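Read through the structure below, which is laid out as structure tokens, and then see the notes.
We did not get these values from a lab; they are worked out from the coordinates using the rules stated. None of the values given here were measured: they were computed from a predicted structure. All Cβ positions, glycine included, derive from the backbone under ideal geometry; neighbour counts span all protein chains shown.
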Ligand code: NAP
């Protein structure tokens, strides 16, 4: 039996149609003022530049505008904090995306945490993470939030299921695990010091690969009928999981490309629209 394809590309296209309508309504109520996402790119890493461009293009597709901030590779933490402060106080900026990773001399955590919680549409602050973890209203970290939206759109049952998340990064593995826990899954988090990784993955009803190594998670480690979510994307169009043999064995899987990536961007845009609605329609 062939697995259900968790088609992030088509979900994101459907969502954009809805978001475009909400943006048009916001503009109409606010004298033509569009929601604005500020993107900050520090340095000239080509992959990061591409991701920022894709996010700006997604803004355009739904009728939003973006402020593109580009800073040199030698930027200091102090300079980046000052730039974030400026955007925090700019009433025309409704959301802030600081593209990860920033050059190594910068204290990325301090810069993420400088983002005003009301503009933390990429869900990167400790404050937002804590609120999300406590199941309070918060903008979720865009990649895991996009994965949760995908699982929900396809009615994937999570309650009581054993989810194994491989990776514990602040923007992906860790928030993913807490979101799955809040959805009543039983969650195991694995990382580089985990022992017997294949044995743990074999127990999973849901596997999330967020390792950053091409096809690191082998298909043979995954049981028949599991739901397979691959957050990775590497040159050659492969993810963190060896997906090809799973196409006939899994219950469902996110394709690479066209699975997690489009819903990450869409979640950033959706959360930006919500932030703009809160800012522009208050009072
Ligand atoms: P990261 O910060 O490098 O984290 C990788 C995680 O994998 C770490 O927690 C690390 O453990 C763990 N790990 C490394 N080697 C391992 C091993 N041998 N066994 C078990 N765990 C191991 O990466 P990330 O930012 O979370 O990204 C993960 C993947 O998602 C990458 O492929 C990235 O390209 C992709 N990604 C995609 C999107 C998207 O929009 N689609 C967005 C972000 C990231 P330790 O904590 O012990 O070091």
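Going by neighbour counts of Cβ atoms within 10 Å, the residues 71, 263, 54 line up, fewest first, as 54, 71, 263.
Among beta bridges identified by DSSP and lying wholly in the stretch 142-261, the antiparallel ones come to about 5 percent. Dividing the helix sum by the residues of the chain, where each DSSP H run of 4 or more adds -39500 (n - 2.57), gives a mean residue ellipticity at 222 nm of -13000 deg cm²/dmol.
Put the Cα centre of the stretch 148-184 next to the Cα centre of the stretch 109-143 and the gap is 17 Å.
A simple spin-label model places pseudo-atoms 7 Å from Cα toward Cβ; at residue 70 and residue 118 they are separated by 3.1 nm. The Cα atoms of the chain give a gyration tensor whose axes a ≥ b ≥ c have a/c of 1.5 or more with a/b greater than b/c, which makes the shape prolate. To the nearest 10 degrees, how steep is helix 46-61 against the longest Cα principal axis of the chain, on a 0 to 90 scale? Once rounded, the angle reads 70 degrees. Which of the three applies to the stretch 142-261, rounded, prolate or oblate, going by the alpha-carbon gyration tensor with a ≥ b ≥ c and a/c under 1.5 meaning rounded? Judged from the Cα gyration tensor, the stretch 142-261 comes out rounded (a/c under 1.5). Computed extension gain for residue 223 through residue 135, at 0.36 nm per residue and net of the alpha carbon distance, reaches 28.6 nm. Sorted ascending by nearby beta carbons within 10 Å, beginning with the fewest, 36, 117 become 117, 36. Among 137, 85, 240, the residue with the largest mean-square fluctuation in a Gaussian network model of the chain, with springs joining Cα atoms closer than 10 Å, is 137.
Between helix 173-182 and the chain there is an angle of about 80 degrees, using the helix long axis and the longest principal axis of the Cα atoms. Going by a ≥ b ≥ c, the root eigenvalues of the Cα gyration tensor, does the stretch 31-118 fall in the rounded group (a/c under 1.5), the prolate group (a/b larger than b/c) or the oblate group? Because a/c hits 1.5 or more and a/b fails to exceed b/c, the stretch 31-118 counts as oblate. Taking Cα atoms only, the orientation of helix 260-280 departs from the longest principal axis of the chain by about 30 degrees.
Between residue 195 and residue 48, residue separation times 0.36 nm minus the direct Cα-Cα distance comes to 49.7 nm. Consider a paramagnetic label point 7 Å from the Cα of residue 159 along Cα→Cβ; state which residues of the stretch 168-185 have an amide N under 13 Å from it. 183-185, by backbone N distance to the label point. Within the listed set 47, 251, 226, the Gaussian network model of the chain (springs between alpha-carbon atoms below 10 Å) gives the highest mean-square fluctuation for 47. With neighbour counts taken as other beta-carbon atoms within 10 Å, the residues 272, 12, 76 rank, fewest first, as 76, 12, 272.
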